[in-house]
Amino acid sequence: MSEATFVSDPEKWIIEKATEPDILCLVIFRGSWCKYDKYYLQRLGNFLKAQQKEDEKCLLIGWTSEGEAGAKKADEEWGLTKECGFSEVVGDSSNALANYLIDDVVLEHLKIMSPEEAGVSDLVEAGSYPNGIVMPGIVCYGHHEAAPVFEWTHACDQPGNKGGPLRPDPADMWKAVIKRKHALDHGDAVMPSHGTNMKMCASDADLALAACHVQ
């Protein structure tokens, strides 16, 4: 079986994906075992699904370094493509896409950690991340030559369970994405918006509240 393009040629894969919609949103998550990823990907997917307009289509893709099996498990158990508006969920333990984003200075601060460094050894199977866990990150591209309009990477500076809670609030993120995308539409040269100082969600309190609503 030939390698997927996001493994063999990540740049080509991104350009091809970015030509389909008005906006390509690529969400990097830790894996099928992460409760914060589950909460955030479902929340983000449902929010973006509700925002879709005929003239502003968003292609939402999830990617994880847990590999193909981990990506499939997250997709099926969390209902990402079936219920939450994701186009696809892919995985690659070689981290080719993540390394490309780092080297191309798109997500230059994207972190890759061993399970021990991230404090999650008890949550993952031994050997499941041969090249490390890629920590959470997001990049959104406008349709003009795959130009980045939004970037965010997890700081991973909290003690224990690094890359755990806190992700950019979907509403604030989408507002920034649309603003930059419209500027590109009008021929303006713009720098990508960064999610570092945005309102955050996916805290332990958010997860607890969501669990109460499910019960």
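The values are calculated or read from the model by the stated rules, or taken from the named source; none is laboratory data. Treat the numbers as computed from the prediction; the structure is a model and nothing was measured. Note that each Cβ is placed from the backbone with ideal geometry, even for glycine, and that neighbours are counted across all protein chains shown. Only protein heavy atoms, including side chains, enter the accessible area calculation; ligands, DNA and RNA are left aside. Shrake-Rupley method; radii C 1.70, N 1.55, O 1.52, S 1.80 Å.
Each residue in the range 91-103 was checked for being open to solvent by 40 Å² or more (accessible area, probe 1.4 Å) and closer than 24 Å to Gln158 by Cβ, and 1 pass.
Considering the range 146-160, and only residues there that are assigned to a loop (DSSP other than H, G, I, E, B) and in contact with a Leu (Cβ under 9 Å, 6 or more places away or on another chain), the residue that is modelled with the lowest pLDDT turns out to be Gln158. At least 1 residues being free of Cβ contacts under 8 Å to residues at least 60 places away in the same chain and under 21 Å from Lys111 (Cα atoms) is the threshold, and among the helices (runs of 4 or more DSSP H) wholly inside the range 12-91 those reaching it are 35-51, 68-78.
Against the list (1) more than 24 Å from Lys12 (Cβ to Cβ); (2) under 17 Å from the mean Cα position of the chain (by Cα); (3) in a helix (DSSP H, G or I), the condition Val177 fails is (1). Evaluating Gly164 against the criteria (1) modelled with pLDDT of 90 or more; (2) assigned to a helix (DSSP H, G or I); (3) surrounded by 14 or more Cβ atoms within 10 Å (Cβ to Cβ) leaves one unmet condition, (2).
The number of residues in the range 9-41 being farther than 12 Å from Trp78 by Cβ, touching a helix residue (DSSP H, G or I) at 6+ places or on another chain (Cβ under 9 Å) and open to solvent by 70 Å² or more (accessible area, probe 1.4 Å) comes to 3.
Table: residues versus (1) touching a Leu at 6+ places or on another chain (Cβ under 7 Å); (2) under 23 Å from Gly142 (Cβ atoms); (3) open to solvent by 30 Å² or more (accessible area, probe 1.4 Å).
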residue: Gln51; (1), (2), (3): no, yes, yes
residue: Thr64; (1), (2), (3): no, no, no
residue: Gly85; (1), (2), (3): yes, yes, yes
residue: Val105; (1), (2), (3): no, yes, yes
residue: Glu108; (1), (2), (3): no, yes, yes
residue: Glu117; (1), (2), (3): no, no, yes
residue: Glu125; (1), (2), (3): no, no, yes
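Scanning the range 130-145 for residues that are at pLDDT below 95 and in a loop (DSSP other than H, G, I, E, B), we see that the one that is most open to solvent (accessible area, probe 1.4 Å) is Glu145. The residues on offer are Val120, Val89, Val106, and the sole one that is more than 17 Å from the chain's Cα centre (by Cα) and at negative phi is Val120. Restrict the check to the range 107-129 and report whether at least one residue is in a loop (DSSP other than H, G, I, E, B) and of a type in the set (Val, Ile, Thr). Checking the range 107-129: at least one residue is in a loop (DSSP other than H, G, I, E, B) and of a type in the set (Val, Ile, Thr).
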